[in-house]
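Notes follow the structure.
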Amino acid sequence: MDHEEQQENGIRRQAKALLSGAGSKAQAGVRRAHGFLSGRPRWEQAVLVGLWSFAALLVALLVYLMILVPLTPGIDDLKQVSSARPSVMLSSDGKELGSFEQGLQERVKLSQVSPHVVTALIATEDHRFYDHHGVDFTRIAGALLASLKGDAQGGSTITQQLARNMFPQEIGRARSINRKLKELITAIKIENTYSKTEILEAYLNTVPFLYNARGIEMAARTYFSKPAARLDVLEAATLVGMLKGTYYYNPVTNPERSLGRRNVVLGQMLKRGAFDEARFKALAKRPLRLRFERQLDRSGRDDHFTAFVRKWLLEWADENDYNLELDGLRVETTLDADLQQAALRSVERQAGALQAVADVEWSSPSLFNSSSTGTYTSMRAGVKPFDYYWRSHAAQLDAFVRESGEYRRAVEGGEAPTAALKRLKGDRDFLRTLKEAKSRLEAGFVAMDPLTGEVKAWVGSRDFARDQYDHVAQAARQPGSTFKPIVYGAALENGMSPEQTYVDTVMEFDMGNGKVWRPTDMSGTSGRQITMREGLVHSKNTITAQVMQDVGLPSVIKLARNLGIRQSKLASVPSLALGTSPVTLLEMVSSYSTIAARGEYRKPVFVRRITDRDGKVIADFATAAPERALSQASSETLIDILRGVVNRGTGTAVRYRFGVTGDVAGKTGTTQNNADGWFILMHPNLVAGAWVGFNDNRVTMRSNYWGQGGHNAILLVGDFFKTALDEGKIDKNALFPGGRKPEPVHPRAEPEEEFIDGDELNEGVPADEAIEDPVPADEAIEVETVPEEEIAPPPPMPMPVPTPDF
């Protein structure tokens with residue numbers, strides 16, 4: 001029994017005691033009344049009985065109200081709501097990750113709010129606001145009458161709604177007469193304490209608007225990117241319309257509903273004389289025109305994982321009628337704090353070193369020898385990072401300028417396009433900021449428990465403060481050869497043997513409309529017969545394309561969906577076999593987790609359970625029953641093939657560079673022109689994957705050595721797994737079915753034989769399938785402008801990515 005039920009039962013007992021004390025007197029009264037009525041006409045008796053019954057009900061109601069008054073918030077409570085407590089997010093081991101402070105609430109005076117908001121609010125929610133004293137009995141009677149006719153309506157005033165916003169615990173959420181009466185009494189107390197202006201001001205500053213925006217000021221900034229004082233009549237009507245149901249009328253996710261509700265508000269404003277019929281018709285025809293921009297958490301504690309969970313929680317709270325800023329909920333996430341720290345260190349260390357490599361590669365045409373050994377020549381003094389790139393890609397730089405927000409705003413403001421381009425290219429600060437944004441190498445990393453689906457580590461970029469764009473769940477990039485195991489898994493499901501052979505030769509595939517696809521490999525072709533197993537181990541495009549042709553696109557796409565690629569669109573074209581359809585890192589790691597779990601799919605889990613402030617579990621997200629996506633036999637065979645990738649194929653750096661032991665299997669991936677580097681590694685207890693690239697995929701790694709997933713993304717995963725194994729976070733002795741513990745590996749700088757991923761030179765892949773639309777520079781990254789004289793000169797001899805100390 002919760003607090004509200006206990007309180008309500010106590011009220012009933014007090015009322016029963018008061019009324020039973022008058023029981024004998026009531027019985028005597030009944031006897032006297034019977035004597036008084038005897039001998040009178042029947043109609044007169046009926047009228048008198050009715051009047052007495054009504055009077056008795058009024059007395060009982062008054063007694064009940066007298067009992068409720070001391071149980072509702074008092075004057076001191078109205079002035080300081082002391083029961084408010086923010087909800088917190090916790091890691092799986094109880095460490096606080098973030099909280100839902102009212103940091104996204106900025107209180108403003110009523111004079112700082114657009115008059116259109118006040119007009120729309122009063123016209124829609126409470127048009128007799130200035131005439132009543134907290135409760136509109138006329139409206140209550142009308143709402144009851146309408147409800148009896150089947151048209152359910154609310155009768156709450158703005159003051160009553162404020163009472164609920166201020167005291168969600170004291171008044172409660174139950175649909176009962178007890179809750180309604182407590183709300184009514186509190187509203188009357190508020191009216192006797194505050195002026196009408198103060199009530200409107202308090203209401204507009206406390207009402208929630210989704211996306212952690214609380215109050216009209218943050219709502220205006222979130223949905224229209226402007227302060228509340230500058231909201232026009234349409235924007236005001238949109239926000240006031242949300243108050244009927246913020247989730248249902250959310251203009252971001254439900255624009256049609258929001259538009260309809262906005263026009264209802266405009267209709268109410270017309271009815272109350274805010275404007276005439278002609279003005280109403282003109283306004284009702286206009287679109288929403290949102291400028292949605294989610295406001296950053298001001299606590300400074302968010303990262304990509306907590307930001308993702310925060311967004312999900314806000315939607316959950318709205319659907320389940322909870323206030324995360326006030327209700328003091330404890331949200332237990334699946335994140336492992338130690339593994340998260342290992343992931344952060346890995347991304348910072350390895351991606352930072354890769355950035356240095358990229359800077360050197362593009363600094364001068366004479367600096368880099370693009371052989372497979374990745375060696376460098378000497379650097380001239382004073383050469384700036386990416387200097388050669390910008391001089392050799394002048395047309396691309398012009399395109400980047402034209403895509404910038406500054407250029408668009410200049411042209412929209414009336415400046416000639418040619419003049420705007422010339423002016424911005426002459427602006428040293430603007431150009432430096434743009435170049436830094438475009439040439440900043442980014443990375444994403446995520447790790448999951450394959451047996452539960454729980455996310456254990458999540459790093460969405462190298463620096464959340466600098467780049468909030470999430471490369472785990474938000475960025476869709478071509479997966480390259482990491483998609484190939486799905487093709488081979490479909491083949492195994494169709495009864496094909498891993499020892500089936502194909503000729504290693506370039507073949508042409510008809511794509512229709514006169515287009516021909518000719519997949520090739522950087523390592524060339526041998527003309528030999530190669531097994532499916534070796535084709536996947538050495539990532540041969542020529543073999544994979546033939547396997548895809550035999551299996552058929554429908555089977556591959558179906559398996560991809562079953563394994564975990566459930567959000568991104570998969571193009572039904574032959575080049576899909578080589579990973580040309582963009583997907584998210586989370587989807588790919590989820591798919592590999594399904595393979596590692598012997599073919600059982602589990603939806604990624606981010607939150608385990610939610611408890612209230614008293615520790616009572618109010619939501620439990622225990623792992624649901626898994627779905628069979630791939631047969632156990634096929635998954636075990638596929639794992640065995642992918643062991644070969646790590647032991648003797650494109651993923652050997654995990655063992656020779658980082659000394660990762662144990663039964664592991666994985667796959668590298670590289671896309672056209674080295675735009676994307678991928679690596680995903682499976683262990684019986686943990687599956688982890690990384691992506692490396694630039695936010696704009698028109699900027700790439702220059703060399704065919706460091707541009708490969710087996711030489712960039714693999715460094716992040718290898719570094720992470722080494723830490724996880726050394727710290728005992730995963731079992732070194734755990735085995736997949738049919739596996740055995742490999743011999744100890746002694747780390748060394750280079751392997752005896754190096755394999756290059758086969759994703760380059762995929763001739764015939766249409767540009768619109770091979771390249772994702774770039775993210776505009778001003779939306780993808782926020783960078784801090786650094787004066788030129790403060791930029792440290794590059795080292796005289798660039799070094800390869802450092803091997804961690806062992």
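The values are calculated or read from the model by the stated rules, or taken from the named source; none is laboratory data. Predicted, not measured: the structure shown is a model, and the values here were computed from it. Because the Cβ atoms are built from the backbone with ideal geometry, glycine has one as well, and the counts that use them run over all protein chains shown. Calculation scope for accessible area: heavy atoms of the full protein, side chains included, ligands and nucleic acids excluded. Shrake-Rupley method; radii C 1.70, N 1.55, O 1.52, S 1.80 Å.
List of remarks:
- Complete set of residues in segment 194-203 that are of a type outside the set (Val, Ile, Thr) and open to solvent by less than 10 Å² (accessible area, probe 1.4 Å): Leu200, Tyr203
- Test result for Thr206, surrounded by fewer than 19 Cβ atoms within 10 Å (Cβ to Cβ) and either farther than 18 Å from Leu121 by Cβ or modelled with pLDDT under 85 (or both): no
- Where a residue in segment 491-504 is touching a residue at least 40 places away in the same chain (Cβ under 8 Å) and its partner, wherever it lies, is of a type in the set (A, V, I, L, M, F, W, C) and in a loop (DSSP other than H, G, I, E, B), with Cβ under 8 Å and at least six apart: Glu493/Leu630
- Scanning segment 484-513 for residues that are of a type in the set (Asp, Glu), farther than 14 Å from Glu534 by Cα and loosely packed, with under 15 Cβ neighbours inside 10 Å turns up Glu508, Asp510.
- From the list Val383, Val401, the lone residue that is modelled with pLDDT of 55 or more, of a type in the set (Val, Ile, Thr) and within 31 Å of the chain's Cα centre (by Cα) is Val401.
- For beta carbons closer than 7 Å, sequence separation of 6+ or different chains, a first residue in segment 519-542 that is in contact (Cβ under 8 Å) with a residue 60 or more places away in the chain and at positive phi and a second that is acidic (Asp, Glu) and open to solvent by less than 50 Å² (accessible area, probe 1.4 Å), the qualifying pairs are Ser539/Asp757.
- Scope segment 311-326; condition closer than 22 Å to Phe464 by Cα and in contact with a strand residue (DSSP E or B) (Cβ under 7 Å, 6 or more places away or on another chain); matching residues: Leu313
- The lone criterion from (1) outside any helix (DSSP H, G or I); (2) at pLDDT below 85; (3) open to solvent by 30 Å² or more (accessible area, probe 1.4 Å) left unmet by Tyr388 is number (1).
- Some residue of segment 629-649 being touching a His at 6+ places or on another chain (Cβ under 7 Å) and assigned to a loop (DSSP other than H, G, I, E, B): yes
- Options Leu270, Leu329, Leu288: the member that is in contact with a strand residue (DSSP E or B) (Cβ under 7 Å, 6 or more places away or on another chain) and more than 30 Å from Lys722 (Cα to Cα): Leu329
- Residue match in segment 646-657 (condition: surrounded by fewer than 17 Cβ atoms within 10 Å (Cβ to Cβ), farther than 24 Å from Ser497 by Cβ and not acidic (Asp, Glu)): no
- Filter result for the condition that a residue is surrounded by fewer than 20 Cβ atoms within 10 Å (Cβ to Cβ), touching a helix residue (DSSP H, G or I) at 6+ places or on another chain (Cβ under 8 Å), modelled with pLDDT of 80 or more and of a type in the set (Lys, Arg), over Arg214, Arg128, Arg179: Arg128
- One residue stands out among those in segment 82-106 that are among the charged types (D, E, K, R) and within 14 Å of Asn323 (Cα to Cα): the one that is modelled with the lowest pLDDT, which is Glu101.
- Cβ-Cβ distances below 7 Å connect the following pairs, each with a first residue in segment 242-269 that is part of a helix (DSSP H, G or I), a second residue that is basic (Lys, Arg), and a separation of six or more residues or different chains: Arg261/Lys244.
- Conditions (1) surrounded by fewer than 24 Cβ atoms within 10 Å (Cβ to Cβ); (2) in contact with a helix residue (DSSP H, G or I) (Cβ under 8 Å, 6 or more places away or on another chain); (3) part of a loop (DSSP other than H, G, I, E, B): number failed by Thr723: (3)
- Being surrounded by fewer than 19 Cβ atoms within 10 Å (Cβ to Cβ), polar (S, T, N, Q), under 30 Å from the mean Cα position of the chain (by Cα) and farther than 17 Å from Val117 by Cα is a property that holds for Asn254.
- Just one of the listed residues (Val573, Val583) is among the β-branched types (Val, Ile, Thr) and either within 20 Å of the chain's Cα centre (by Cα) or at pLDDT 95 or above (or both), and it is Val583.
- Matching residues, segment 351-367, being among the hydroxyl-bearing types (Ser, Thr, Tyr) and modelled with pLDDT of 80 or more: Ser363
- The single condition among (1) surrounded by fewer than 18 Cβ atoms within 10 Å (Cβ to Cβ); (2) outside any loop (DSSP other than H, G, I, E, B) that Thr623 does not meet is (2).
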